[in-house]
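Rule-based calculations on the coordinates, nothing more; no lab input. Only a predicted model underlies this, so the values are computations on that prediction, with no experimental measurement involved. Using ideal geometry, Cβ is built from the backbone for each residue, glycine included, and neighbour counts are taken over all protein chains shown.
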Amino acid sequence: GAVVSQHPSWVICKSGTSVKIECRSLDFQATTMFWYRQFPKQSLMLMATSNEGSKATYEQGVEKDKFLINHASLTLSTLTVTSAHPEDSSFYICSALDQNTGELFFGEGSRLTVL
Amino acid sequence: GENVEQHPSTLSVQEGDSAVIKCTYSDSASNYFPWYKQELGKGPQLIIDIRSNVGEKKDQRIAVTLNKTAKHFSLHITETQPEDSAVYFCAASTSGTYKYIFGTGTRLKVLA
């Protein structure tokens, strides 16, 4: 089946640095991708909708200057956590919409730990 | 906006028994209801889904039922096995938006 790849799968960084997470659709084109955040033992919270070639749409309460999203191609969306702080430590998951089939596929997630 | 509630938060069953997880949603416009299984440290995997034009769907040991009037849907797993142990999430969305609102999750433990 279709695969969505996230990289890195885990990252540890110092407070104040920026971290970029990539989400790739490997065998289909995705004009729309979604970014979620998941705290331990909690549900997935939608952060933003990433639209290829246009600005991302952020959910209420999500700082767009803090979480920069770029969707420059039909197979790649990136999430950059800027000036990361320990409270940004979380599991970040993306999903990609296969526009041909209408199916939504999830990545394996990226665990961010900010020291 | 949509709100999805899920119960129970934890569920332990003996191997071979059935497990039932229930979700309710608030937005009557929601018409697509997927269920996901998430193992530790991994992304969610779709296990079954149902659209609002049907009341029940079954795939081997897994079934989902939907009651549109009451705005609730349930996941049924029969003949549970230890490998069914995971966290299960329900979700609701409106066709065309693909903005999934997830339930709070159920941690299922199947005891051997």
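Considering A:F34, A:F39, the condition of being surrounded by fewer than 13 Cβ atoms within 10 Å (Cβ to Cβ), of a type outside the set (G, A, S) and within 14 Å of chain B (Cβ to nearest Cβ) is satisfied by A:F39 alone.
Among the residues of region B:73-93, not one is within 14 Å of chain A (Cβ to nearest Cβ) and surrounded by fewer than 17 Cβ atoms within 10 Å (Cβ to Cβ).
Answer yes or no as to whether A:L46 is part of a strand (DSSP E or B) and more than 21 Å from B:F89 (Cβ to Cβ).
So A:L46 does not fit the description; no.
Among the residues making up region B:1-21, those that are more than 17 Å from A:Q42 (Cβ to Cβ) and either among the small types (G, A, S) or in a loop (DSSP other than H, G, I, E, B) (or both) are B:G1, B:E2, B:S12, B:E15, B:G16, B:D17, B:S18, B:A19. Being touching a residue at least 40 places away in the same chain (Cβ under 8 Å) and either away from chain A (no Cβ under 12 Å) or out of contact with any strand residue (DSSP E or B) (no Cβ under 9 Å at 6 or more places or on another chain) (or both) is a property that B:I62 lacks. With respect to (1) assigned to a loop (DSSP other than H, G, I, E, B); (2) touching an Asp or Glu at 6+ places or on another chain (Cβ under 6 Å); (3) farther than 25 Å from A:T32 by Cα, the lone exception for B:A70 is condition (2).
A residue that is part of a strand (DSSP E or B), of a type in the set (S, T, N, Q) and under 25 Å from A:H7 (Cα atoms) occurs somewhere in region B:43-60. Restricting attention to region B:94-112, and to residues there that are among the β-branched types (V, I, T) and surrounded by 21 or more Cβ atoms within 10 Å (Cβ to Cβ), which single residue is farthest from the other protein chains (Cβ to nearest Cβ)? Top of the filtered list is B:T106.
Looking across region A:50-108 at every residue that is within 14 Å of chain B (Cβ to nearest Cβ) and aromatic (F, W, Y), the one that is surrounded by the fewest Cβ atoms within 10 Å (Cβ to Cβ) is identified as A:Y58. Could you check, for region A:53-71, whether at least one of its residues is within 25 Å of B:I50 (Cα to Cα) and either within 10 Å of the chain's Cα centre (by Cα) or of a type in the set (A, V, I, L, M) (or both)? No: region A:53-71 contains no residue that is within 25 Å of B:I50 (Cα to Cα) and either within 10 Å of the chain's Cα centre (by Cα) or of a type in the set (A, V, I, L, M) (or both). How many residues are polar (S, T, N, Q) and on the phi > 0 side of the Ramachandran plot if we restrict to region A:17-56? Result for region A:17-56: 0.
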